[in-house]
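Nothing in this text is a laboratory measurement; each read-out follows from the coordinates by a stated rule. Since the structure is predicted, the reported quantities are computational estimates derived from the model, not experimental observations. Counting neighbours? That spans all protein chains shown, and the Cβs are built from the backbone with ideal geometry, glycine included.
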Amino acid sequence: AKDPMRVLVTGAAGQIGYALVPMIARGAMLGPDQPVIIHMLDIEPAAEALKGVTMELIDAAFPLLKGIVATTNAVEACKGVNVAIMVGGFPRKEEMERKDMMSKNVSIYKAQASALEQHAAPNCKVLVVANPANTNALILKEFAPSIQEKNISCLTRLDHNRALGQISERLKVHVGDVKNVIIWGNHSSTQYPDVNHATVNTGKEWKPVRELVSDGQWLNTEFITTVQQRGAAIIKARKLSSALSAASAACDHMHDWILGTPKGTWVSMGVCSDGSYGIQPGLIYSFPVTCEKGEWSMVQGLQIDEFSKAKMDATAKELIEEKALAYSCLN
Ligand code: NAX
């Protein structure tokens, strides 16, 4: 049998945490033959709720779950973890200034960066879910210089899956028969969901989405805004933000990163830019990637038209501004 892997979930007493930990304990993230020890971190006001989650995990009697660490101490939470899913943070409230929100997250991610750097297992893979996800990941990268850059990522897989879902609904095909959409940039409303390289399985062959969706105008307008605004639409309907789809996307992200993407398929991940596609190096930006043996690599050489380039640059510009705002909070 395999040795258990230690998986940290921060913000584990929250909405996404509640959906995510049972998925991890069932093998949806690391595979049906991979035992896990789940580490859960939250803050003092949520300590009771965290106890409740621990009780439910025990009651669910998951065969793969070999242990639980539930704590409000970041150092204890990070000890020996192989995977870290950072869901805890300070989302923006309506009445709140951007700068106040950023400043709270900068201090959280600065502190958790050093706890991870000092206590996580070597080669620990990090996924930041908490918003502003790209910039929280950037702060984590800056304050955990000994964690390799390639091991720090943020979640845009939910946006990627939303884009697959929209194409699947439009063409009335199963979502598994759509692939290779791309989310470029920030996990925010400036993200660019790009279908120019996406294909659909027609049974005989994979055909470009652009050939199958007769209304090209829909792809350039409503499709894009629907994906960009999907989070808001869910809040409107549920009176709560997306949780099960976010948890599921976090599992997909780690699963594919560690176990690999299928041949001919790419996924979107927020990763450190190396300057590809003209994106400022060092930004955490969502790119198309393939994964093999626990390593991602950017898909290179895609043709980018002017429409796409403008949208890719606009979302990069927003990330550059967020980065400046984050840095201004350090002083
Ligand atoms: P909740 O408010 O339900 O849960 C957040 C939890 O984090 C709370 O239990 C809170 O006590 C805890 N927390 C706060 N500060 C902490 C700290 N310093 N250390 C550890 N835990 C801490 O929010 P939820 O709906 O679960 O969403 C979590 C985060 O995911 C939010 O920032 C949200 O904006 C973000 N999202 C990101 C998505 C993505 O695709 N990247 C999509 C879904 C989601 O909106």
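Taken over the range 62-135, lysine pairs spaced eight or more positions apart, or on distinct chains, with alpha carbons under 26 Å apart number 10. When only alpha carbons are used to place a centre, the range 239-280 and the range 299-331 end up 17 Å from one another. DSSP assigns beta bridges within the chain; of those with both partners inside it, close to 45 percent run antiparallel. Across the options 326, 212, 190, the greatest Cα extent toward the positive end of the charge dipole of the chain (unit charges at beta carbon of Lys, Arg, Asp, Glu) belongs to 212. Label zone (residue 297, point 7 Å along Cα-to-C-beta; backbone nitrogen cut-off 14 Å) within the range 247-265: 261, 263-265. Global size of the chain: 19.3, 59 Å for Rg and Dmax (C-alpha atoms, Rg to one decimal, Dmax whole).
How high is the FRET efficiency between residue 44 and residue 225 when r is their beta carbon distance and R₀ equals 56 Å, given to the nearest 0.05? E(calc), rounded to 0.05, equals 0.90.
For a modelled paramagnetic label at residue 51, 7 Å from Cα along Cα-to-Cβ, the residues of the range 1-17 in reach, with backbone nitrogen under 20 Å, are 11-15.
Exposure proxy ranking for 44, 318, based on other Cβ atoms within 10 angstrom of each Cβ and starting from the fewest, stands as 44, 318. Compactness of the range 174-331 is given as radius of gyration and Dmax, 16.5, 59 Å, from Cα positions. Under the convention that each Lys and Arg Cβ holds +1 and each Asp and Glu Cβ holds -1, the size of the dipole of the range 181-331 around its Cα centre is about 440 debye. For the Cα trace of the range 1-82, dividing Rg by the Kirkwood Rh returns an Rg/Rh value of 0.94. Extending 7 Å from the Cα toward the beta-carbon at both residue 244 and residue 265 defines two label points whose distance is 2.1 nm.
Descending by average beta-carbon neighbour count within 10 Å, the peptides 221-227, 106-112, 152-158 line up as 152-158, 106-112, 221-227, the highest first. Each of 63, 303, 251 was placed along the dipole of the chain (beta-carbon charges, centred on the mean Cα), and the one lying farthest toward the positive end is 63. For the chain, the dipole from Cβ point charges (+1 on Lys and Arg, -1 on Asp and Glu) about the Cα centre works out to 300 debye, to the nearest 20.
Per-residue 3J(HN,Hα) values for the range 212-225, derived from phi via the Karplus relation 6.51 cos²θ - 1.76 cosθ + 1.60 with θ = phi - 60°, read 8, 8, 5, 8, x, 5, 4, 4, 8, 10, 4, 4, 4, 5 Hz in sequence order (x marks Gly and Pro).
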